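J.: My questions all concern the structure below.
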Amino acid sequence: MAPAPSPTSSVITLTINGEKHTLPVDHRTTLLDALRDHLDLTGTKKGCDQGQCGACTVLLDGRRAVSCLQLAVAAEGREVTTIEGVADGDRLHPVQQAFLDLDGYQCGYCTPGQICSALAVLEEHAEGWPSAVTTDVRPEAGPAPLTPEEIRERMSGNLCRCGAYVSIVQAVARAAEARTDRNEEVVA
Amino acid sequence: MTTTTGIPAATGALGTARTRVEGRDKVTGAARYAGDIPLPELAHGWLVLSTVARGRVRSVESDAVLAMPGVLAVLHHQNAPRINLDYVGMVGRPDPVIGVFQQDRVPFRGWPVALVVAERPEQAREAAEQLVVHYDQEPHDVTFYAGHPGAYTPEDSPFGRAEETKGDVEAELAASAFVVDAEYTTPEEHHNPMEPHAATAHWDDGRLEVLDSNQGSTWVATELAQIFSLDPGSVRVRSEHVGGGFGSKGVRPTQVAAAMAATVLQRPVRVVMTRRQMFSAIGYRSPTAQRVRLGADASGKLRALDHRSECLTSTVHEFIERSASVGRVLYDAPAHHTSDRVVRLDVPTPTFMRGPGEAPGSFALECALDELAEKSGIDPIELRVRNEPDRGPISGLPFSSRNLVACMEEGSRRFGWADRDPRPGLRREGRWLLGTGMAAASFHSGVGPSTAAVTAEANGTFTVRINAADIGTGARTAIALVAADALGVDPERVRVVMADSDLGPAMFAGGSMGTRSWAWAVSMAVGELRERLALGGDIPPEGITARSDTSEAIGALAQKERHSFGAQFAEVAVDVTSGEVRVRRMLGIFAAGRIVNPLTARNQLVGGMIWGISMALHEEAIRDRASGGHVGPDLAGYHFAANADVPLVEADWVDDPDPDDPVGIKGVGEVGIVGAAAAIANAVWHATGVRHRHLPIRPDRVLSAGTNVPEHRPGA
């Protein structure tokens, strides 16, 4: 039961996976809790509730963010993408398909966050963002190859206690290849 | 539609890589975990944990928070319903931490003293944080160290004997050509499954229903019935998806507090632990202080093996980390002594954590073997081969199968061990010193009684019903493969219904026993079903169901030494300027029974090895002597391996079906962590020439220990 508007609550409109949702929220409510408790979008997981594990990662205007450190009221006017919005209907996104095919998980609890991070990693890399292990960071150098070392570094904000990292790296690499192939097809 | 009953021969589903049955739900966010399931009128409970390490609760000032918006109740020892803790469950007597709000005594910091229930989680949380609890504080002792005067030898239990002795250790050591005598320590370690403990309880038509995150719903339902003095049939516990457990997800304060609050309020109540609460209320791995003495003759054959370990427990419950037991399986010697002792401190009770006993025990023993290899000049693999026992060193029982040598040989070949120069401190790449190390591994292969039902449906499909839990192991998929193989049908035609206590009693997911126990029950039920289907005739609309109970068959199992084995190999790089240790690659070769699903089994074994990396280099919970609590009990203060810490880790196996198991399974859940930390520590010695006997091998320890590198390196 959500509280009525008051000095400690507001009615806000969130844009989630392209759909607008108007809801009253307690000002203390995080984006994570708004998704899970108010909108029944429970694919986004709570692992630590303090920005240390990455399980609650979503995309905010296309960039990854931990939704536990974001107040719901501050997410108004921004495009929120959650794991529920990643697939195209019944067709899995290549990142999702790669996680499934290569067993890039075990218990699955960190998986939505891993997948949202992986989506952002592919974008960040394509845009030429360096990571801590990128050796040539000159702007004109262009994107460094997305090596396993680069993927490990870029995916390190998402903890996996089951220790599925090896197959997570493989899954991200496969999705990156699929993306390159697709782009080449488009160019051709 | 009806189908005739003839079924074809086995399909070979077993042993073929198969993606997870629930994989699509997991990658789309559709999989609902215990805290994800909406219920009308759901109220939220927030645990309040003690802020003193020893004393009594003088008062709980609940009036102020009861006046806060949305707050429905504050449960504490003065108003909570009485419950029963006088029973023996699947893992023995209950840890009193689950008997919430029954007494004013506080035996450790982080003991549950109250539950605040409110309409919204934010309200419950704020009220819980505002709740004033007054204590009569008493002096506490939380400091664990080797040789603590309070240490005692515990009574033997079904989980193991505290002490085993044969021969004269002192005499054999005195007569040995080579002697190793070293002390090792491992720190307090925490499970930290990614999904926090969560339980939602409600009453439905006279039954207590619990949507839970656990490793076994039979386990939890049976104990909840005892705790609340209910008929076992009036408790139903379900755990469709579980976000990891690693030993921590049995009966915990979450289920008991949620059920208690749901009973008091007569509405659904959810209790979810915070990450910080998990550091004191779900168990953990005790720190250990171990001493290993090995004596060997000139050929490297052991004359004496003496492994003594100390661990801690709480003042209210005894749990023993049986680190010394690993030597009772791995090596024989004419004089053989192994003992586990324990000291009671004002700390939470530890519990089973992945590889209980073997994980810390193998660190000490397998490092000591490496030290013996160094002293005797014998290759570490050859030393282990020379000490292979024919029978259980203490039990005298035959091994069901023991393919440790095969693991070491295959691992040696694939890792490139033959080219290794055994001398330490010789390999350098810039600021990095490089080294390799290996260790042996074993973990007990057990099995627990289970029931299952398999139905041949009229539409030609099959339904398996068993109260198994999939905590990330791939159990749901493995059960489908076992059933499909036994039925001789494509796995697509098999549906698995599980994780529901109404399905009947079954083993929990723990001790590397889950898949073996469930597969046994499923294959037995399929055998019965096939006999009935062989009679021919049409399948009626309700299908034909066969049931199994493995209790008798398991009871009749011949006494043998049954274990999974493995050989772990690691290459490390040690930065001599920062003290950082990086694992460059790991290889584990295992003899772990029949592998049901290579895709998920490999992932699980690799996961265990990654736990070994964490254990060797990262994990360490620090307890503050003054407050009795932890320093930084969260995922920033307690680091376990992140993606960037993990290099290429490979796991593979040799053929090793258990001849006495109907499916040939042994278990893969734990053997992956055993020996892994030792292999890394041995590699650090090989890199630096310095032994690190205290985990984790932190940069400060590496820097202060320095290196023992020859001054004139080849090519220097």
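The values are calculated or read from the model by the stated rules, or taken from the named source; none is laboratory data. Predicted model, so just to flag it, every value in this text is computed and none were measured. Neighbour counts run over all protein chains shown; Cβ positions are idealised from the backbone, glycine included.
J.: Considering only the range B:10-37, state which residues are assigned to a helix (DSSP H, G or I) and of a type in the set (Gly, Ala, Ser).
T.: B:GLY23, B:ALA34, B:GLY35, listed by residue number.
J.: Now a separate question. Just one of the numbered conditions (1) within 11 Å of another protein chain (Cβ to nearest Cβ); (2) more than 30 Å from B:VAL316 (Cα to Cα); (3) of a type in the set (Gly, Ala, Ser); (4) surrounded by 18 or more Cβ atoms within 10 Å (Cβ to Cβ) is not true of B:ALA17; which one?
T.: Just one mismatch for B:ALA17, condition (4).
J.: Out of the residues in the range B:65-74 that are away from chain A (no Cβ under 14 Å) and under 13 Å from B:ALA114 (Cβ atoms), state the one that is surrounded by the fewest Cβ atoms within 10 Å (Cβ to Cβ).
T.: Among those that are away from chain A (no Cβ under 14 Å) and under 13 Å from B:ALA114 (Cβ atoms), it is B:LEU66.
J.: Quick check on my filter: what residues within the range A:161-178 are within 21 Å of A:GLU127 (Cβ to Cβ) and out of contact with any Leu (no Cβ under 6 Å at 6 or more places or on another chain)?
T.: Once the filter is applied, which keeps residues that are within 21 Å of A:GLU127 (Cβ to Cβ) and out of contact with any Leu (no Cβ under 6 Å at 6 or more places or on another chain), the range A:161-178 yields A:VAL169, A:VAL172, A:ALA173, A:ARG174, A:ALA175, A:GLU177, A:ALA178.
J.: Looking only at residues in the range A:28-61 that are hydrophobic (A, V, I, L, M, F, W, C), touching a Lys or Arg at 6+ places or on another chain (Cβ under 9 Å) and more than 10 Å from chain B (Cβ to nearest Cβ), which one is farthest from B:TYR638 (Cα to Cα)?
T.: Residue satisfying both the conditions and the ranking: A:LEU60.
J.: Another question about this same structure. For B:VAL169, state whether it is over 28 Å from the mean Cα position of the chain (by Cα) and buried (at least 19 other Cβ atoms within 10 Å of the Cβ).
T.: Values: over 28 Å from the mean Cα position of the chain (by Cα): yes; buried (at least 19 other Cβ atoms within 10 Å of the Cβ): yes.
Taking the combined requirement at face value, the residue satisfies it.
J.: Just one of B:GLY460, B:GLY472, B:GLY514, B:GLY446 is surrounded by fewer than 24 Cβ atoms within 10 Å (Cβ to Cβ) and either under 24 Å from B:TRP653 (Cα atoms) or among the hydroxyl-bearing types (Ser, Thr, Tyr) (or both); which is it?
T.: Being surrounded by fewer than 24 Cβ atoms within 10 Å (Cβ to Cβ) and either under 24 Å from B:TRP653 (Cα atoms) or among the hydroxyl-bearing types (Ser, Thr, Tyr) (or both) holds for just one of B:GLY460, B:GLY472, B:GLY514, B:GLY446, which is B:GLY446.
J.: Residue under question is B:ALA651, and the condition is that it be outside any loop (DSSP other than H, G, I, E, B) and in contact with a Leu (Cβ under 7 Å, 6 or more places away or on another chain); does it hold?
T.: Judged against the criteria, B:ALA651 is a match.
J.: For the range B:120-150, name all the residues that are surrounded by 19 or more Cβ atoms within 10 Å (Cβ to Cβ) and in contact (Cβ under 8 Å) with a residue 12 or more places away in the chain.
T.: Those that are surrounded by 19 or more Cβ atoms within 10 Å (Cβ to Cβ) and in contact (Cβ under 8 Å) with a residue 12 or more places away in the chain: B:ARG120, B:PRO121, B:GLN123, B:ALA124, B:GLU126, B:ALA127, B:ALA128, B:LEU131, B:VAL133, B:HIS140, B:VAL142, B:PHE144.
J.: Restricting the first residue to the range B:640-651 and requiring it to be facing another protein chain (nearest Cβ under 7 Å), which pairs with a second residue that is of a type in the set (Asp, Glu) and in a helix (DSSP H, G or I) meet a Cβ separation below 8 Å and a spacing of at least six or different chains?
T.: B:ASN643/A:GLU153; B:ALA644/A:GLU153
J.: Scan the range B:489-510 for residues that are in a loop (DSSP other than H, G, I, E, B) and either at pLDDT below 95 or acidic (Asp, Glu) (or both) and jot them down. So that I can check it myself, show each step before the final result.
T.: Residues of the range B:489-510 that are in a loop (DSSP other than H, G, I, E, B), as a first pass: B:489-490, B:499, B:504-510.
Passing the criteria: only B:ASP490.
J.: How many of the residues making up the range A:158-183 are crowded, with 21+ Cβ neighbours inside 10 Å and either more than 23 Å from A:HIS93 (Cα to Cα) or within 14 Å of another protein chain (Cβ to nearest Cβ) (or both)?
T.: We begin by selecting, within the range A:158-183, every residue crowded, with 21+ Cβ neighbours inside 10 Å; these are A:158-169, A:171-172, A:175-176.
Retained after the next criterion (residues that are either more than 23 Å from A:HIS93 (Cα to Cα) or within 14 Å of another protein chain (Cβ to nearest Cβ) (or both)): A:158-169, A:171-172, A:175.
Qualifying residue count for the region: 15.
J.: Could I ask something else about it? Does the range A:62-72 contain any residue that is out of contact with any strand residue (DSSP E or B) (no Cβ under 7 Å at 6 or more places or on another chain), in a helix (DSSP H, G or I) and more than 10 Å from chain B (Cβ to nearest Cβ)?
T.: Yes, the range A:62-72 contains a residue that is out of contact with any strand residue (DSSP E or B) (no Cβ under 7 Å at 6 or more places or on another chain), in a helix (DSSP H, G or I) and more than 10 Å from chain B (Cβ to nearest Cβ).
J.: Anything in the range B:608-634 that is away from every other protein chain (no Cβ under 14 Å) and either modelled with pLDDT under 95 or outside any loop (DSSP other than H, G, I, E, B) (or both)? List them, or say none.
T.: Scanning the range B:608-634 gives B:ALA621, B:ILE622, B:ARG623, B:HIS630, B:VAL631.
J.: In the range B:174-183, which residues are among the aliphatic types (A, V, I, L, M) and either out of contact with any strand residue (DSSP E or B) (no Cβ under 7 Å at 6 or more places or on another chain) or within 15 Å of B:LEU369 (Cα to Cα) (or both)?
T.: Within the range B:174-183, B:ALA174, B:ALA177, B:VAL179, B:VAL180, B:ALA182 meet the criteria.
J.: If you don't mind, there's one more thing I want to ask. Being within 27 Å of B:PRO193 (Cα to Cα) and surrounded by fewer than 22 Cβ atoms within 10 Å (Cβ to Cβ) is true for just one of A:THR135, A:THR111, A:THR81. Which residue is that?
T.: A:THR81
J.: Continuing with this model, one more query. Would you confirm, using the coordinates I've provided, whether B:GLN130 is at pLDDT 95 or above, on the phi < 0 side of the Ramachandran plot and within 14 Å of chain A (Cβ to nearest Cβ)?
T.: yes
J.: Those residues that are on the phi < 0 side of the Ramachandran plot and within 14 Å of chain A (Cβ to nearest Cβ), I need them from the range B:441-480; list them, please.
T.: Across the range B:441-480, the qualifying residues are B:ALA469, B:ASP470, B:ILE471, B:THR473, B:ALA475, B:ARG476, B:THR477, B:ALA478.
J.: Within the range B:685-693, is even one residue under 10 Å from B:CYS367 (Cβ atoms), within 24 Å of the chain's Cα centre (by Cα) and at pLDDT 95 or above?
T.: There is at least one residue in the range B:685-693 that is under 10 Å from B:CYS367 (Cβ atoms), within 24 Å of the chain's Cα centre (by Cα) and at pLDDT 95 or above.
J.: Still on this model: Under the condition of being more than 14 Å from chain A (Cβ to nearest Cβ) and either touching a Ser or Thr at 6+ places or on another chain (Cβ under 8 Å) or on the phi > 0 side of the Ramachandran plot (or both), which residue from the range B:255-268 is surrounded by the most Cβ atoms within 10 Å (Cβ to Cβ)?
T.: B:ALA258
J.: Is it true that some residue in the range A:1-14 is within 13 Å of chain B (Cβ to nearest Cβ), buried (at least 18 other Cβ atoms within 10 Å of the Cβ) and within 27 Å of A:LEU122 (Cβ to Cβ)?
T.: No - not one qualifying residue is present in the range A:1-14.
J.: Do we find that B:ASP181 is closer than 21 Å to B:ILE282 by Cα and either under 32 Å from the mean Cα position of the chain (by Cα) or part of a helix (DSSP H, G or I) (or both) in this structure?
T.: The answer is no for B:ASP181.
J.: Has the range A:123-145 got at least one residue that is within 14 Å of chain B (Cβ to nearest Cβ), part of a helix (DSSP H, G or I) and touching a helix residue (DSSP H, G or I) at 6+ places or on another chain (Cβ under 8 Å)? If you could, list the steps in order and put the result at the bottom.
T.: Initially, the range A:123-145 is screened for residues within 14 Å of chain B (Cβ to nearest Cβ), giving A:131-134.
When the remaining residues are screened for being part of a helix (DSSP H, G or I), the result is none.
No, the conditions are met nowhere in the range A:123-145.
J.: Here are B:ARG384, B:ARG391: which of them is crowded, with 21+ Cβ neighbours inside 10 Å and among the charged types (D, E, K, R)?
T.: After applying the criteria, what remains is B:ARG384.
J.: Further, regarding this structure: All but one of (1) within 14 Å of chain A (Cβ to nearest Cβ); (2) assigned to a strand (DSSP E or B); (3) not basic (Lys, Arg) hold for B:MET194; state the number of the condition that does not hold.
T.: Failed condition: (2).
J.: Another question, then. Away from chain A (no Cβ under 14 Å), surrounded by fewer than 22 Cβ atoms within 10 Å (Cβ to Cβ) and not β-branched (Val, Ile, Thr): does that describe B:GLY637? First the steps, then the outcome.
T.: On the way: away from chain A (no Cβ under 14 Å): no; surrounded by fewer than 22 Cβ atoms within 10 Å (Cβ to Cβ): yes; not β-branched (Val, Ile, Thr): yes.
Spelling it out, it is not the case that B:GLY637 is away from chain A (no Cβ under 14 Å), surrounded by fewer than 22 Cβ atoms within 10 Å (Cβ to Cβ) and not β-branched (Val, Ile, Thr).
J.: Of the conditions (1) farther than 18 Å from A:CYS48 by Cβ; (2) surrounded by fewer than 24 Cβ atoms within 10 Å (Cβ to Cβ), A:ILE151 clears all except one; give me its number.
T.: (2)
J.: Output the number of the condition that A:GLY108 fails; it satisfies all remaining conditions of (1) within 28 Å of B:ILE673 (Cβ to Cβ); (2) in contact (Cβ under 8 Å) with a residue 12 or more places away in the chain; (3) not hydroxyl-bearing (Ser, Thr, Tyr).
T.: (2)
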